[in-house]
Amino acid sequence: MPISIKSAREIELMTEAGRILAIVHEEMKRALRPGMTTKDIDRLGEEVIRSHGCIPSFLNYNGYPASICVSVNDEVVHGIPTDKRVIREGDIVSLDAGVIYKGYHSDAARTHAVGQISSEVEKLIRVTEESFFEGMKYAKEGNYLYEISNAIGRYAEKHGYGVVRDLCGHGIGSHLHEAPEIPNYEMNRRGVRLRKGMTLAIEPMINMGTWQVDWLDDDWTVVTRDGSLSAHYENTVLITDNEPVLLTLSK
Ligand code: MF3
Ligand code: CO
């Protein structure tokens, strides 16, 4: 599939989808506390999405049964919300959400600490975010896609973390997943040339231990193979001939 270049009108719609998703994340972050279940987060996220006239894009995507992915501790991504999983003080919780506004998607993820966590775990969350911004230094028309991948992967590995290889970022637009696939690890080739009007969901998933992951029997939940903690950070990004525009980051 070729990589779509968005028109001014499409960028307008994706900007609105991104603005709303930033609000959804703020509301979920504000509500997150010990004693809540992962399903409580899902219900809140879906309500905020719909109250802004959007559709939760994950719901029923390839059969995914919820609106938000809620992944706790050693869960990397795609944790399925349930009434049985109670969030506890000291957990780290990755929240991944996507919305559709007038046919256009945005996609973003954050990892939050619940209550007090060790400085080591704080560092995992911080370095995961920082790795995304290392990638952003190369997210510009004329550069090559894997310059972003290389910057993310190098930065995370420099801190001794495992960079998940089984899942990647992706193009985004009128579909949640479009070309190209965007690895978060170093590549031995340069990949496609970036052009203004491309919109990309860039999403490092970083483990405290090994990069290797497993899928649980629910066929969704991805966990670290060694049980180490994992963090996730994602924004929907518009490529321009200057600085990238982070559509899902509130100013
Ligand atoms: N942010 C994830 C992704 O980009 C979310 C998709 S999960 C699903 O792939 F629930 F929608 F399947
Ligand atoms: Co994504």
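Assess whether T210 counts as being at pLDDT 95 or above and closer than 24 Å to Y104 by Cα.
Numbers: at pLDDT 95 or above: yes; closer than 24 Å to Y104 by Cα: no.
No: the conditions fail for T210.
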| query | Given the conditions (1) free of Cβ contacts under 8 Å to residues at least 60 places away in the same chain; (2) within 14 Å of ligand 1 (Cβ to nearest atom); (3) outside any loop (DSSP other than H, G, I, E, B), which single one is not true for A179? | reply | (1)
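Can we say L21 is within 15 Å of ligand 2 (Cβ to nearest atom), outside any loop (DSSP other than H, G, I, E, B) and either of a type outside the set (D, E, K, R) or open to solvent by 50 Å² or more (accessible area, probe 1.4 Å) (or both)?
Numbers: within 15 Å of ligand 2 (Cβ to nearest atom): yes; outside any loop (DSSP other than H, G, I, E, B): yes; either of a type outside the set (D, E, K, R) or open to solvent by 50 Å² or more (accessible area, probe 1.4 Å) (or both): yes.
It is true that L21 is within 15 Å of ligand 2 (Cβ to nearest atom), outside any loop (DSSP other than H, G, I, E, B) and either of a type outside the set (D, E, K, R) or open to solvent by 50 Å² or more (accessible area, probe 1.4 Å) (or both).
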| field | Members of region 82-104 found to be within 16 Å of ligand 1 (Cβ to nearest atom) and either out of contact with any helix residue (DSSP H, G or I) (no Cβ under 6 Å at 6 or more places or on another chain) or without any contact (Cβ under 8 Å) to a residue 24 or more places away in the chain (or both), listed by number | value | V93, S94, D96, G98, I100
| task | From the list E27, E16, E12, E46, pick out the single residue that is exposed (fewer than 15 other Cβ atoms within 10 Å of the Cβ), at pLDDT 95 or above and among the acidic types (D, E). | result | E12
| query | (1) touching a residue at least 24 places away in the same chain (Cβ under 8 Å); (2) of a type in the set (D, E); (3) surrounded by 16 or more Cβ atoms within 10 Å (Cβ to Cβ): which one isn't true of E141, the others all being true? | reply | (3)
| query | Out of all the residues in region 214-221, is one or more open to solvent by less than 30 Å² (accessible area, probe 1.4 Å) and in contact with a helix residue (DSSP H, G or I) (Cβ under 8 Å, 6 or more places away or on another chain)? | reply | no
| message | I want to confirm something. Restricting to region 158-169 and keeping residues that are under 16 Å from F133 (Cβ atoms) and open to solvent by 30 Å² or more (accessible area, probe 1.4 Å), which single residue is nearest to ligand 1 (Cβ to nearest atom)? | response | H159
| task | State whether the residues of region 225-234 include one that is out of contact with any Lys or Arg (no Cβ under 6 Å at 6 or more places or on another chain), charged (D, E, K, R), in a strand (DSSP E or B) and in contact (Cβ under 8 Å) with a residue 40 or more places away in the chain. | result | yes
| query | Which of the following residues is out of contact with any Gly (no Cβ under 7 Å at 6 or more places or on another chain) and among the polar types (S, T, N, Q): N150, N207, N184? | reply | N150
| Members of region 150-184 found to be under 14 Å from Y233 (Cα atoms), more than 14 Å from ligand 2 (Cβ to nearest atom) and small (G, A, S), listed by number | G153, A156
| query | Taking region 184-213 as the search range and keeping residues that are open to solvent by less than 40 Å² (accessible area, probe 1.4 Å) and part of a strand (DSSP E or B), which one is nearest to ligand 1 (Cβ to nearest atom)? | reply | A201
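The values are calculated or read from the model by the stated rules, or taken from the named source; none is laboratory data. From a predicted model like this one, the values you see are computed outputs, not experimental measurements. Because the Cβ atoms are built from the backbone with ideal geometry, glycine has one as well, and the counts that use them run over all protein chains shown. Quick note on the areas: whole protein, heavy atoms, side chains included, nothing else; ligands and nucleic acids left out. Shrake-Rupley method; radii C 1.70, N 1.55, O 1.52, S 1.80 Å.
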